[in-house]
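Visitor: To start, I am sharing the structure in question, which I have written as structure tokens.
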Amino acid sequence: MINIFADNTLNIDEYKPDSRGVEAAKRIFKIDRICIIAMVLSEILAYYIMVSRNFFELYCVSKAIIYVGLFVLLIWAEVIILNRNITMRKVSGLSDQEKFDFNYYCLYKKKNMSIWARNNYLVALAINCALMGLKEKCKDALSLISYEYKPPILNVLNEWIESEDAVIDRAKVGPKKRIINPICFAPLFLVLDIGVLTACIDYNILLAHGATKTFIAAMGYIQSVAFVVLGAWIAVMLIVQTGKNTTFAILFKLKATAKIIIGIVVLLLSTYSVITNEALRYGLELDKDDVTDISTVEDNLDDSLEDYDDYYEDESLYEEYKADYEEAYPEEEYPEESADYELDIMNKMIILCNYLQKNGVIDDFSVELGYNAKGRVKGTVAQDDDYIYVLYDNGTKKDKHGNDCIELVLEAEPLDENGNSLGQSEASLKGFYLVDLESGEVTDEHKTHW
């Protein structure tokens, strides 16, 4: 007699087309195919946009090339999970025969099925047969389950087959828990999506648009939670599946062991996420001054500020300085301004502002790009009770290691009694800084004169 669960001649597409169980199974496979096609197209489109518009370089961290793909994958995986969850809730209300039809169609329709998935369907079919009192069919389904796959329910089914009972006690094989309401997935999916998406963004860009350290810390926290949840979910799935395998039966026999393993995984993921999450570390970082660097800067400033105040007050000296500056840095050395160039300058200014803030030179900052009278890029970055602080692009320069850097000059323009700037002609020179074009490392040149 042919085992109906291993019938190679069966055309599953012709099996009970009017059964609600078969209709539900077909709906799952159809939406799965649509989601997979949409996911592939979305991945291609997402990477095309990110690369063609240079978003990876302008706005994103180095790992964004991975996170973008993960984000798109998550979105469509969530759609698949929600669809399956909703369908399974409907299937749970069908008759035993219709549930059998659902699992039977899935067993044959899904090609290249993993051994774990196949075992799960065979167990479900065996349960369906037991609930309908079909001992021989139940035995046929159990005979195809791989040897190492031994969930506890198999003992219950085998005991029933050997007993005189016509139908198995439903309480012994019924679901122990109700299927989760799809609404419960919303907070989890929201955290995952926001966490992975914001992990792509360079937090310096957000700082440039006025984001606070509290906001950056919250963003970093959500990112860490998202990756911990994702890792923990994978660990739980592996534990659930391997717990049904005799190879791991001893290891996972006690629930306490599984909980300890999950706890260790969550702890390791949490530690790794906090250590590697730059946004979270920046947001939670206390503002600390580098005593050595600050004292050096202050000594230089104390020695030179008085001279520069006198220097700028003398109009003839200022004109002389202006002529020398134009001779030293002719306009043709500068690239033509473009959106990409401005964004690159802004990014370097943001990096420098972070450095200046940490070293107590400025407080909170927000970069506003503009142009000086010569048409060169400047950035108004901060203001206190006495000064407006402005960064000027001073062209490219090599540091002592031979690395290409952009040189930025910090000037402080004094304010009048109404809080208005007195202009660059009254400004005091605060320092010269090099920002590495590749690594973003900041070097204080410790000079306050041209």
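All of the numbers you see were taken from the coordinates with simple rules; none came from a lab. Predicted model, so just to flag it, every value in this text is computed and none were measured. Cβ sites come from the backbone with ideal geometry, for glycine too, and all protein chains shown count toward neighbours.
Visitor: For SER62 paired with PHE215, estimate the spin-label separation in nm (one decimal), with each label point 7 Å from Cα along the Cα-to-Cβ line.
Guide: In this crude spin-label approximation the distance works out to 2.7 nm.
Visitor: Per q in 0.15 Å⁻¹, report the Debye log10 I(q)/I(0) for region 1-65, using one uniform scatterer on each alpha carbon and no solvent.
Guide: Log10 of I(q)/I(0), two decimals: -0.67.
Visitor: What distance in nm lies between label points placed 7 Å from Cα along the C-beta direction at ARG53 and ASN85?
Guide: 3.1
Visitor: What is the Cα radius of gyration of region 398-438 over 2.2 N^0.38 Å, N being its residue count? Numbers along the way, then the final one.
Guide: Working: Rg = 14.9 Å, N = 41, 2.2 N^0.38 = 9.0 Å.
Compared with the compact-globule rule of thumb, region 398-438 sits at 1.65.
Visitor: Expressed as a whole number of Å, what is the distance separating the alpha-carbon centroids of region 16-35 and region 61-140?
Guide: Centre-to-centre (Cα) distance: 11 Å.
Visitor: Mind pulling up the Rg/Rh value for region 4-200? Radius of gyration and Kirkwood radius, both on Cα. It would help to have the intermediate numbers written out before the result.
Guide: Working: Rg = 21.2 Å, Rh = 19.5 Å.
We get a ratio of 1.09 for region 4-200.
Visitor: What is the sum of charges around SER95, taking Lys and Arg as +1, Asp and Glu as -1, for the other residues whose C-beta is under 10 Å from the C-beta of SER95? Please list the in-between numbers first.
Guide: Details: positive: ARG20, LYS99; negative: ASP96, GLU98, ASP101.
After counting each charged neighbour, the total is -1.
Visitor: Could you derive backbone 3J(HN,Hα) for region 159-174 from the dihedral phi with the Karplus parameters 6.51, -1.76 and 1.60 (θ = phi - 60°), listing whole Hz in sequence and x where the residue is Gly or Pro?
Guide: Rounded to whole hertz, the list is 5, 5, 4, 7, 7, 8, 5, 6, 10, 6, 5, 4, 5, 7, 10, x.
Visitor: A further question on this structure: How compact and how long is region 34-81, expressed as Rg and Dmax of its alpha-carbon atoms in Å?
Guide: Reported Rg and Dmax, both Å: 11.4, 34.
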